[in-house]
1. For the subset of region 137-163 comprising residues that are more than 19 Å from P110 (Cβ to Cβ) and not acidic (D, E), which member is nearest to the chain's Cα centre (by Cα)?
2. Sort out which residues of region 194-230 are touching a Leu at 6+ places or on another chain (Cβ under 9 Å) and without any contact (Cβ under 8 Å) to a residue 60 or more places away in the chain, and write them in order of number.
3. Does region 55-69 hold any residues that are among the hydroxyl-bearing types (S, T, Y) and in contact with a Ser or Thr (Cβ under 6 Å, 6 or more places away or on another chain), and which are they?
4. For region 200-218: of the residues being part of a loop (DSSP other than H, G, I, E, B) and in contact with a Phe, Trp or Tyr (Cβ under 8 Å, 6 or more places away or on another chain), which is most open to solvent (accessible area, probe 1.4 Å)?
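The values are calculated or read from the model by the stated rules, or taken from the named source; none is laboratory data. Predicted model, so just to flag it, every value in this text is computed and none were measured. In this analysis, Cβ positions are derived from the backbone assuming ideal geometry, glycine residues included, and neighbour counts consider all displayed protein chains. Ligands, DNA and RNA are stripped out before the accessible areas are found, and what is left, the full protein with its side chains, is counted by its heavy atoms. Shrake-Rupley method; radii C 1.70, N 1.55, O 1.52, S 1.80 Å.
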Amino acid sequence: MERVNVDKELQQNAVKNNISSEADRIVVNYYTDPLCCWSWAFNKPWQQIQERFAPFLDVNYIMCGMIPSWDKFEDPMNCISGPAQMGPLWMHIEQETKISVASEIWLTDPPSSSLPACLAVKCATLQSSQAGVGLFHRLQQALMQKGLNISKESVIHAVASEYAEQHPSLFNFGHFELHWKKGAAKSLLRGDIQQALYYKIDRYPTLTLTHPKAEGLMMVGYRPYEVLQQGFNSMFERI
């Protein structure tokens, strides 16, 4: 009953402040990466937030290229400088969040980079934002649940092909292949990475909430639903 009352109040405030208009909704930039295990654990609370606030949000997925290559990656906070050290972190996240992950991949077939998967998401986004988000989640599932190396072009295309077969009205694999071969989405990915660098965002997931009538809000790292809800409620209170 409490949630219904809160949602009704949100709807009333939205009408009063014209939040339902596309130009005046809260803009949420979601900074993430298909190889980010914390983002995988974040899916459930993030989905709950979207189910509740979707009519009032304009959401953009920003691909951050977390691991350009192992020669250019280091995470001093978690003492990670190579793929073998990523497995223990994933096992720790699994224990913390109770979300199953295929951590053995970091010993058997470690991804060499997150850039190919990020580029695939932006290629799909050229068809629609919904297609991009859908492929992002499919690539996450392929890695985290099935232990598939999504830094490999063959794996990415297999995942994209299956996605197209299951959702032909949403995603066209032929268009995806063409965009991939022509490098049509490289500028989009560069723009995402540059945006993350500009705002000094280097922990994922990160959410930024902005609205022309209120001071912005940033939430860094994995957060349970209750904490996210408080953040979004506080944003609405500022409008």
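1. Going through region 137-163, the residues more than 19 Å from P110 (Cβ to Cβ) turn out to be 137-138, 157, 160-163.
Among the residues that remain, those that are also not acidic (D, E) are: 137-138, 157, 160-161, 163.
On the way: H137: 8, R138: 12, H157: 19, A160: 17, S161: 21, Y163: 17 Å.
That would be H137.
2. Across region 194-230, the qualifying residues are G216, L217, M218, M219, V220.
3. Step one: of region 55-69, the residues among the hydroxyl-bearing types (S, T, Y) are 61, 69.
Listed by number, the list holds a single entry, S69.
4. Taking region 200-218 and keeping what is part of a loop (DSSP other than H, G, I, E, B), we get 200-205, 212-213.
Of the ones still in play, those that are also in contact with a Phe, Trp or Tyr (Cβ under 8 Å, 6 or more places away or on another chain) are 201, 204-205.
Details: I201: 12, Y204: 35, P205: 2 Å².
That would be Y204.
Condition check ((1) farther than 20 Å from Y61 by Cα; (2) part of a helix (DSSP H, G or I); (3) of a type in the set (V, I, T); (4) open to solvent by less than 30 Å² (accessible area, probe 1.4 Å)) across all residues:
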| residue | (1), (2), (3), (4) |
| --- | --- |
| V155 | yes, yes, yes, yes |
| E162 | yes, yes, no, no |
| G174 | yes, yes, no, no |
| D192 | no, yes, no, yes |
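Yes/no matrix, rows are residues, columns are (1) closer than 27 Å to G191 by Cα; (2) at pLDDT below 95; (3) outside any helix (DSSP H, G or I); (4) open to solvent by 60 Å² or more (accessible area, probe 1.4 Å):
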position	(1), (2), (3), (4)
H92	no, yes, no, yes
K122	yes, no, no, no
L135	yes, no, no, no
S151	yes, no, yes, no
